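Undergrad: One structure is given below, represented as structure tokens, and several questions about it will come after.
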């Protein structure tokens, strides 16, 4: 089966029992940091509706939330965590069902992930408006989150080869999908048979097959499909429930179309598109719609990137950053960057220590910045977390 069926749109998951509607929106829990010093980020967990959500953080300053695509995780933003973290507070989340997050046997949908992202922003952004960045189905999730979030919660949105639905059943108007639609229905039926889905998933979830799929149809630069990337995709596929997540996403309801969401979108929009994407092709309905959007919607930019595939941010990160960083600088105009906060933190600590010898009381973000530059140590400052409660400062990145 072609993995394209999941890259672009939940019938009821045959394995699933929907999560109770009465479940609480979120259950705040202390972060459990795992220090990835060599990688440049810190990994945490958070409880949401009784499930464990894994996420990574880097840097300080104005918040940016990165949302991955199907079958991937926050690790897929390894380059953005490092680069964007130099100036901003970057969060990269593992959507429920993927990466290090829980994989409950429930019905998965775009609406479920939208609710997760809205609650995550409310919990961690400290009231600051965030920039949402999403690849593939993560892009569609960002559009839905933008529309559902409270006024003032979103500063802008970035789409990286956004999907038009959770699976291909939602991509209407593309003859390539219409022609094989009966086959997609047959696949849904076959996947509802546990023995069939187990055999298929076991075959897909092999190191050599993952590597070949990425090199053949997802990445343009095969050297970017390194051992670490393959391992980060393979490991979660071995978790209990991973097969059921796969089936639910492939067979589930497609969710809304981008053109149904864009009219209600808040803030500026940047669209970066790889011209060699075979999963969400530039000449498909979503690509053509977004390419024409700047002529109809103010504050919208569409940039076609040459010789780039579906996962452009990991395939050609330097090219993506050459367009993303200036756009972010414009959107964040007037807001202090992480480096500026580091300088302020160092000055505050130096001034306070020299004048009184007492520890400096400064904001948590300042300590993160100072820690990143080596200018603030745990013995020099008391960290004030949002809300005024003391908590441990994040480890140096």
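Any read-out appearing in this document is the output of simple, stated calculations on the displayed coordinates, not a laboratory observation. Keep in mind that this is a model prediction, so the values were computed, not measured. Cβ atoms come from the backbone with ideal geometry, glycine included; neighbour counts cover every protein chain shown.
Undergrad: What FRET efficiency comes out for the pair residue 239/residue 198, r = Cβ-Cβ distance, R0 = 22 Å, nearest 0.05?
TA: 0.90
Undergrad: Starting from the Cα-Cα distance between residue 335 and residue 226, subtract it from 0.36 nm times their residue separation and give me the gain in nm to one decimal.
TA: Stretched out fully, the residue 335 to residue 226 stretch lengthens by 35.6 nm.
Undergrad: Taking the beta-carbon count within 10 Å as an exposure proxy, list 111, 329, 151 from fewest neighbours to most.
TA: 151, 329, 111
Undergrad: Calculate the FRET efficiency for residue 283 and residue 347 from the Cβ-Cβ distance with a Förster distance of 51 Å, rounded to the nearest 0.05.
TA: Given R0 = 51 Å and the Cβ-Cβ separation, E is 0.45.
Undergrad: May I pose another question? Residues of the range 75-116 with amide nitrogen under 18 Å from the 7 Å Cα-to-Cβ point of residue 123?
TA: Counting only backbone N, you get 75, 90-105, 109, 111-116.
Undergrad: Let me ask something else. Quick one: if you stick a label point 7 Å off each Cα along the C-beta vector at residue 264 and residue 322, how many nm between them?
TA: Rounded to a tenth, the inter-label distance reads 3.8 nm.
Undergrad: Another question, then. Starting from the exponent 0.38 and prefactor 2.2 Å, build the expected Rg for the range 34-132 from its residue count and divide its actual Cα Rg by it.
TA: Against the empirical 2.2 N^0.38 Å value, I get 1.02 for the range 34-132.
Undergrad: Neighbour counts of other C-beta atoms within 10 Å: give me 144, 166 arranged from fewest to most.
TA: Ascending number of Cβ neighbours within 10 Å: 144, 166.
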